[in-house]
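Colleague: The structure follows.
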Amino acid sequence: MYRIAIAGASSLVGKELSEELASSLLAVSDFVLMDVDDAVGQVAAAADEVSLIQRLEANSFERIDFVFFAGEALTTKKHWQDARRAGASIVDLTYALEGEKDVLIMAPWVAEDLTGGAVDKQLNLNTPAVVPAHPISVMLGLIAARLRAKFELKSIAATVMEPASEYGRAAMDELHQQTVNLLSFQSLPRDQYDAQVAFNLLPELGSAAKVRLKTTELRIRRHYAVITDGLLPQPALQLVQAPVFHGYVLSMLVEIEKSATLDQVKALLAGDHINVVRGDSDAPSNLSAAGQQDILVQVRKDSDAETTGSRFWIWIGADNLKLAALNAIACATELGKFRPSGKVQ
């Protein structure tokens, strides 16, 4: 039994994390919900137990085993050293700590497929913090790792449709308001995107936008390189801001050195965390992926002229918030191997 704090419990990913912890190996723990300003005093649920969100302060981390930072990056920067001094293991979903010394970027699912489950040898109880790898890098790495088990990969390319919820409630609210204003012929709010994203697809946003697609793209590339450790080819990557509130959709093209059948590729991909959708079923979408723990994929050959091929299109749908929460819990579970008993015992 551990004592676990969620700092930023009112955020979108904080709420998703609270829900997923209820069905995880950490579900028997004692949970403390924390946040700043307006969220303090709100009623929320953590692992099926109703709780009040407490104010996040410097002394909030006493007798805490794990801290999930899930709010604003600035809040993480302000309080992570307080949590570290209190002896808590830190899991940072805000990416604020990825440049700090000895902080590890992790994707346990990818490590399991690439190395047979070996965890980063640098990980120990003295690791200052862990940053769960970006969900897109996890998806790309997991699919590539599965294919690598039998085929040499020649190249990978992916176009990623980004949902508004990836950038928090303010981005979702602006997309909603843009949609309403367009239908009523009013001017559009542009504080988050500095562009029209409602009913639109954009590979770049306005120069004054708070949402930074290029920053996200660089993070995905960086995290992918870390979690694959040079064992997989670097992907060609394009991010597109989609006019959807929730859920990822990716179009991924993989090229292998030798020809394979469609059934061979499907069989390699199927397994834990990946659900291969049959060809006669509806293709994965951000709607069908909502609430699903698995990554949904559908595979087809680049050409139907032959029974085998070396290039395959993989259409992917995933719940972005749920995937981020599940990866964070997997990271905490690895950290838990170095904490055989909690401070509350």
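Colleague: Taking every DSSP beta bridge with both residues inside the range 138-319, roughly what % is antiparallel (nearest 5)?
Modeller: Expressed as a percentage, antiparallel bridges in the range 138-319 total about 75.
Colleague: Return one quarter of the surface area of the convex hull spanned by the alpha-carbon atoms of the range 56-158, equal to its mean projected area, in nm².
Modeller: 7.6 nm²
Colleague: Something else: Give me D for the chain in µm² s⁻¹, whole number, from Stokes-Einstein with Rh from the Kirkwood sum over alpha-carbon pairs, 10 °C and 1.306 mPa s.
Modeller: It comes out at roughly 76 µm²/s.
Colleague: When the chain is modelled as a GNM with alpha-carbon springs shorter than 10 Å, which of Ala129, Ala198, Ala324 fluctuates the most?
Modeller: Of Ala129, Ala198, Ala324, the Gaussian network model singles out Ala198 as fluctuating most.
Colleague: Another question, if that's okay. With a 10 Å cut-off between alpha carbons and a GNM built on the chain, which of Leu262, Leu321, Leu97 moves the most?
Modeller: Maximum fluctuation in the GNM of the chain, among the listed residues, is at Leu262.
Colleague: Another one. Please list, in order, the residues from the range 14-35 whose amide nitrogen is less than 15 Å from a point placed 7 Å along the Cα→Cβ vector of Met1.
Modeller: Zone members listed by number: 26-32.
Colleague: Students often forget the sequence filter, so: which aspartates and glutamates lie under 18 Å Cα-Cα from Lys15 once same-chain residues fewer than 8 apart are removed?
Modeller: By straight Cα distance, Lys15 reaches Asp30, Asp35, Asp37, Asp38, Asp48, Glu49, Glu72, Asp92, Glu166, Asp173, Asp319.
Colleague: On to the next question. How much of the DSSP bridge set in the chain is antiparallel, in percent, rounded to the nearest 5?
Modeller: Numbers: 30 of 58 bridges.
Antiparallel bridges make up about 50 percent of those DSSP assigns within the chain.
Colleague: Specify whether the C-alpha gyration tensor of the range 138-319 places it in the rounded, prolate or oblate class, a ≥ b ≥ c being the square roots of the eigenvalues: rounded for a/c under 1.5, otherwise prolate if a/b is larger than b/c and oblate if not.
Modeller: Numbers: a/c = 2.41, a/b = 1.86, b/c = 1.30.
Here the range 138-319 falls in the prolate category.
Colleague: Test of understanding: extend the Cα→C-beta vector of Ala270 to 7 Å, then name every residue of the range 148-173 with backbone N under 17 Å from that spot.
Modeller: The answer is 150.
Colleague: Given the DSSP H assignment, sum -39500 (n - 2.57) over each helix run of at least 4 residues in the chain and divide by its residue total; what's the result at 222 nm in deg cm²/dmol, nearest 500?
Modeller: Working: 9 runs with 105 residues, N = 345.
Roughly -9500 deg cm²/dmol at 222 nm, from the helical runs in the chain.
Colleague: May I ask you to compute the full-extension gain from Ser187 to Asp229, defined as 0.36 nm times their residue separation minus their alpha-carbon distance, rounded to one decimal in nm?
Modeller: Contour length minus Cα-Cα distance gives 10.4 nm.
Colleague: In a GNM of the chain with a 10 Å cut-off on Cα contacts, which of Gly317, Gly230, Gly168 has the highest mean-square fluctuation?
Modeller: Evaluated over the chain, the most mobile residue of the options is Gly230.
Colleague: May I pose another question? Quick check: from the Cα gyration tensor, does the range 76-216 come out rounded (a/c under 1.5), prolate or oblate? Walk me through the numbers on the way to the answer.
Modeller: Values: a/c = 3.32, a/b = 1.46, b/c = 2.27.
It is oblate, given that a/c is not under 1.5 and a/b is not larger than b/c.
Colleague: Quick one: of Lys101/Lys214; Lys77/Lys210; Lys150/Lys322; Lys154/Lys266, which pairs are farther than 27 Å apart, Cα to Cα?
Modeller: Values: Lys101/Lys214 24 Å; Lys77/Lys210 19 Å; Lys150/Lys322 29 Å; Lys154/Lys266 18 Å.
Lys150/Lys322, as the Cα separations exceed 27 Å there.
Colleague: Sticking with the crude label model, points 7 Å out along Cα→Cβ, report the distance from Gln177 to Ala157 in nm, one decimal please.
Modeller: Label at Gln177, label at Ala157, 3.9 nm between them.
Coordinate-derived values only; no laboratory data. What you see is a predicted model, and the numbers here were worked out from it, not measured in a lab. Here Cβ is always computed from backbone atoms with ideal geometry, including for glycine, and neighbour counts include all displayed protein chains.
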